[in-house]
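Contents: one structure, followed by commentary.
The values are calculated or read from the model by the stated rules, or taken from the named source; none is laboratory data. For clarity, every value in this text was computed on a predicted model and none was experimentally measured. Reconstructed Cβ throughout: ideal geometry from the backbone, glycine too, with neighbour counts over all protein chains shown. The area values use the complete protein model at the heavy-atom level, side chains included, leaving out ligands, DNA and RNA. Shrake-Rupley method; radii C 1.70, N 1.55, O 1.52, S 1.80 Å.
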Amino acid sequence: MQLGMVGLGRMGAGLVRRLMKDGHACVVTDRDPGAIRQMESEGAIGAGNLAELVKALAAPRAVWVMVPAGAPTEAVIAELAGLLEPGDVVIDGGNTHFKDDVRRGRELAPKGIHYVDVGTSGGVWGAERGYCLMIGGPTEVVHRLEPIFATLAPGVGEIPPTPTRAEGRGTAELGFHHCGPVGAGHFVKMIHNGIEYGLMQAYAEGFDILKNAGSAEVAPELRYDFDLAEIAELWRRGSVVSSWLLDLSAIALASDPKLDGYAGFVQDSGEGRWTIEAAIAEAVPADVLSAALYTRFRSRQSHTFAEKLLSAMRAQFGGHKEPGGGGGTHG
């Protein structure tokens, strides 16, 4: 299948590489000519601007937008709206607020242009491992794009099926799922990232307690000097708290046991805030997720070992660097 990709950063380039590896044809563009040349050298068709990209695609076109959420995405989609034709589809794979999806879908509909939102999880590892895709949009359009989603998703892999799940129920076991109409994909991804904040915070606090088990605050006979990297490795095997985030923590701790390469300044990309806003709108208590978000705010004023591990996890799964260039150099 043919796909246009706008944006060749870490995620966009990874998506294109995975698609081309499976035989899909990709037409790509980016503000950085060097990024375009790199993907051309790997087999993609380069386009110098959006007009060239649209011209190079056969109708009905599918254009995946993978640029930063907010103004950059708005500008790209607004320009595409004037270039695409009825039957074409715009796919927003970034971290957009679901309400913006609903608005854009409504604005594009009179032109006959379809809109699909795809919450994309997998970070810098996705090109190899596959991406978890949470999809919103019209059923018939999502079905048309299924070859793209099937390639990008990880597939069943070695994960056994859920025993009580009906066989053939849907594509979730393959790593992609049509969550509902426009906006539904990014709503699910928003909650996914909110949960991610809470999980990361739990690991970070736990390892901080382990690290300080030998502190002067503890009676001498009750002090312990734990090897955190080895405990992380231990918990990866047979423990109920094993997870990919723990795998990434183990990588970070093995590379830098004291996490000296991280200041502990932890950014938030917006979805955590939006999750809390949704919880308030629904009157749903979200104690853990709220606390995890506020801890990220606090990390920008004072830093603990817990916040260093949070920063290390973000660097491992997403390549996120701390302000000033710290972190993101390990693993």
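Evaluate the following for GLY23: is it within 21 Å of the chain's Cα centre (by Cα) and surrounded by fewer than 23 Cβ atoms within 10 Å (Cβ to Cβ)? When the stated conditions are applied, GLY23 does not pass them.
Filter segment 51-60 for residues that are part of a helix (DSSP H, G or I) and surrounded by fewer than 19 Cβ atoms within 10 Å (Cβ to Cβ) and give the result. Give the derivation first.
Step one: list which residues in segment 51-60 are part of a helix (DSSP H, G or I), which gives 51-56.
Within segment 51-60, ALA51, GLU52, LYS55, ALA56 meet the criteria.
If you go through segment 212-256 and pick out every residue that is under 21 Å from GLY123 (Cα atoms) and of a type in the set (Ser, Thr, Tyr), you end up with 4. For segment 249-284, residues that are more than 22 Å from ARG300 (Cβ to Cβ) and hydrophobic (A, V, I, L, M, F, W, C) total 10.
Report whether or not ALA204 is of a type outside the set (D, E, K, R), surrounded by 19 or more Cβ atoms within 10 Å (Cβ to Cβ) and assigned to a helix (DSSP H, G or I).
Answer is yes for this residue.
Looking across segment 122-156 at every residue that is modelled with pLDDT under 95 and in contact with a Lys or Arg (Cβ under 9 Å, 6 or more places away or on another chain), the one that is farthest from ALA81 (Cα to Cα) is identified as GLU128.
Does at least one position in segment 165-184 carry a residue that is under 20 Å from LEU3 (Cβ atoms), at pLDDT below 95 and not aliphatic (A, V, I, L, M)? Step through it out loud before you land on a result.
As a first pass, look at segment 165-184 and keep what is under 20 Å from LEU3 (Cβ atoms): 171, 174-178, 182.
Keeping just the survivors that are at pLDDT below 95 gives none.
The answer is no, given that none of the residues of segment 165-184 is under 20 Å from LEU3 (Cβ atoms), at pLDDT below 95 and not aliphatic (A, V, I, L, M).
For GLY198, the criteria (1) closer than 30 Å to ALA62 by Cβ; (2) within 16 Å of the chain's Cα centre (by Cα); (3) in a helix (DSSP H, G or I) hold in every case but one, which is (1). Which residues, taken from segment 84-108, are open to solvent by 60 Å² or more (accessible area, probe 1.4 Å) and more than 14 Å from GLY183 (Cα to Cα)? GLU85, PRO86, listed by residue number. In the set (1) of a type in the set (Phe, Trp, Tyr); (2) more than 26 Å from VAL124 (Cβ to Cβ); (3) open to solvent by less than 10 Å² (accessible area, probe 1.4 Å), TYR294 fails one condition alone, (3).
Considering THR29, THR96, which residue is hydroxyl-bearing (Ser, Thr, Tyr) and touching a His at 6+ places or on another chain (Cβ under 7 Å)?
Numbers: THR29 fails: touching a His at 6+ places or on another chain (Cβ under 7 Å).
Criteria check complete, one pass: THR96.
Among the residues making up segment 22-52, those that are of a type in the set (D, E, K, R) and free of Cβ contacts under 8 Å to residues at least 24 places away in the same chain are ARG31, ARG37, GLU40, GLU52. Of all residues in segment 12-42, those that are under 18 Å from ALA62 (Cβ atoms) and in a loop (DSSP other than H, G, I, E, B) total 4.
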